[in-house]
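I have placed the structure first, in the form of C-alpha cells, so that the comments after it can refer back to it.
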Amino acid sequence: MMKFWTWVRTYGPGYVEGLEWTALVALAASAGAIVWGGALLGVRLGAGRWGARAVDAYVQLFRNTPVLVSIYLIYFGFPLVGLAWPAVVCGGFALVLQNGAYISEILRGSYQAIDRVQFDAAKSIGLSAWHTFRKVTLPQVLVYSIPALGNQVVLLLKDTSLLSAVAVTELTMQAKLLTEQTGAAYEAFIVVAVLYLTLVAASEIVFRVAERAVRWR
Amino acid sequence: MTTWSAWQNALALLAQGALVSLWLAAASIAAGTVVAVVLVAVGLSRIGLLRQAYRVYIWVVRGTPVLVQALLVFYALPALDLHAGPYIAGVIVLTMYLGVLFAEVFRGGVLAIPQTQWDSAKSLGLPPAALLRRVVAPLVGRYSLPAYINVCVMAVKASSVLSIISVWELTFAARQIIERTLAVFSVLGLAAAFYFLMCFGIDRLGRWAEGRLALRGFAGERG
C-alpha cells in the first residue's frame, strides 16, 4: 500500500496534467467540430450547387487523408505564413477540420431523416425561416445525431493522442516522457491506455444519458 | 526545393513511401481479416462467457488510440526479448486494430442473414462446411463489403501513425524531406495527394466490386 502511494505521489502529477490536456483538447475540438460540421452543412444546403460541390470536395479530401498529415501541415506550415500558433491550438484545429467533415455528413443524414411534411406544417402555421430552424430543424437534427456524434467524439478523443507528435503534453506524451525518465519499459503505456478507456467510458455514458433524456420527451 | 532534380528526388521518395504504406495496409488487412474471422466465431459462440470476452476485447482495443497500442507493442516487444523491429511491430498493431473493426463488420453481416436462409439450409440438410461456404460466406461477403472497404480506407490512414514508432513510410518520408528542405506545404501536400489517391482508389475499387457482386443475384436486398 505504501508503495502504491509513493507511486501516485511521484508519477500522479504527470498523468493528471496529461488527462487535463487530453480532456480539454477533446472537449474543445468536439465542440468546434460540431459547430464547423453544422456550418458545412449550412453551406451545402444553402449556398447553391457550387456551395454543395465545394463542401463535397472538402469532405472527400479530409475523409481520404490521415489527420496526422493535417496536424503536421498546420504545425509546420502555419509559422511559415506568419501564424505562430501554439502546438495545442494547431493540433486542435486539425482535429476540428477533420472531424467537422465527418460530422457534417452525420448531421446531413439526420437532416434528411426529417419528414418534409414538417416543413410544410411549419410554413402553414406561419413560422419564419429562423423559427423553423430553431424549433423544428435543429432539435430534431441534434436528437437523431446523438448516437453517431457519440461515436465520432470517441474517435476524436483517441486522435488527440496524435498531438504527442507535436510535443503537446497530453496523456500519450506523458507516457513517453515517463518511459524516457524512468527507464521503465512499457508500463506507462498500459496506465495511459486505462486512462483513455476511462475517458471513452465517460463520454459513452454522457451520450447514452443524453440519448435517453431526449427519447422520453 | 528550388531545382527540378530536388523535386524529382522528393517525389521519388514520397512514391516509395506510399508504396510502403500501401504494403503495410495490405499486409495488415489480410492478417486482420483472418483474425476477424476467428474473433467473430468467438463473438457469436453459444458460450456466454466467450461472447462476454469478445465484447470486452473489442471495447478495449476500440477504446484505446492506435498510437498508444503502437508505442506499447514497440516498447514491449524488446522488453520481452523479441527483437522484431518497427515494421513487424507496426503490422502487429494494425492487424490487432483492423481485426477488431473487421470482426464487428462481419458480425453485423452474419446477423443480417435472414432467418429463412438458416431455415432453408437446415431443411436441405446442408453440412456445416457447406453451410459456411455456400450460404454464410457469400451473404456475409456481400452484406459487409461497403463497411469492409471503409475499414480498408481507415487502414491506409492509420498506417501513418506508425511513422511515430519510426516505421519508414509515406508520412515519415514527408517529415524527412521537410527537415532537409523546409518545403512544408508542397511536400505535405504531395503526401496528402498520395494518401488521397490510395484511399480514393480503394473506395472506387470497393464500389466496383459491389456492383459486380450485386449483379449476380440477390445481394442488393437485405432480409
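The values are calculated or read from the model by the stated rules, or taken from the named source; none is laboratory data. A quick note: this is a predicted structure, and the numbers were derived from the prediction, not measured. Quick reminder, even Gly has a Cβ in these numbers, built from the backbone with ideal geometry, and neighbours come from all protein chains shown.
What's the total number of residues in region B:46-102 that are outside any helix (DSSP H, G or I) and more than 13 Å from every other protein chain (Cβ to nearest Cβ)? Qualifying residue count, region B:46-102: 4.
Among the residues of this structure, A:Val209 does not count as one that is surrounded by 21 or more Cβ atoms within 10 Å (Cβ to Cβ) and farther than 18 Å from B:Gln69 by Cα. For B:Ile178, only one of the following conditions fails: (1) crowded, with 18+ Cβ neighbours inside 10 Å; (2) touching a residue at least 12 places away in the same chain (Cβ under 8 Å). What is its number? (2) is the only condition that B:Ile178 fails. Here B:Phe106, B:Phe102 are screened, and the one residue that is over 30 Å from B:Ser166 (Cβ atoms), in contact with a helix residue (DSSP H, G or I) (Cβ under 6 Å, 6 or more places away or on another chain) and aromatic (Phe, Trp, Tyr) is B:Phe106. Against the definition (hydrophobic (A, V, I, L, M, F, W, C), buried (at least 19 other Cβ atoms within 10 Å of the Cβ), within 20 Å of the chain's Cα centre (by Cα) and in a loop (DSSP other than H, G, I, E, B)), how does B:Val151 come out, yes or no? So B:Val151 fails the test.
The residue of region A:170-187 that is surrounded by the fewest Cβ atoms within 10 Å (Cβ to Cβ), among those that are within 9 Å of chain B (Cβ to nearest Cβ) and touching a residue at least 60 places away in the same chain (Cβ under 8 Å), is A:Thr172. Scanning region A:74-95 for residues that are surrounded by 23 or more Cβ atoms within 10 Å (Cβ to Cβ) and either within 11 Å of the chain's Cα centre (by Cα) or among the aliphatic types (A, V, I, L, M) (or both) yields A:Ile74, A:Gly92, A:Ala94, A:Leu95.
In the set A:Ala26, A:Ala101, only one residue is within 14 Å of another protein chain (Cβ to nearest Cβ), crowded, with 19+ Cβ neighbours inside 10 Å and over 25 Å from A:Met173 (Cα atoms); that residue is A:Ala101. Applying the condition of being closer than 17 Å to A:Val166 by Cβ and small (Gly, Ala, Ser) to region B:166-191 and asking which residue is modelled with the lowest pLDDT yields B:Ser166.
Per the listing B:Val105, B:Val110, the residue uniquely of a type in the set (Val, Ile, Thr) and within 25 Å of B:Gly90 (Cα to Cα) is B:Val105. The requirement of being part of a helix (DSSP H, G or I) and under 30 Å from A:Tyr11 (Cβ atoms) is not satisfied by A:Leu138.
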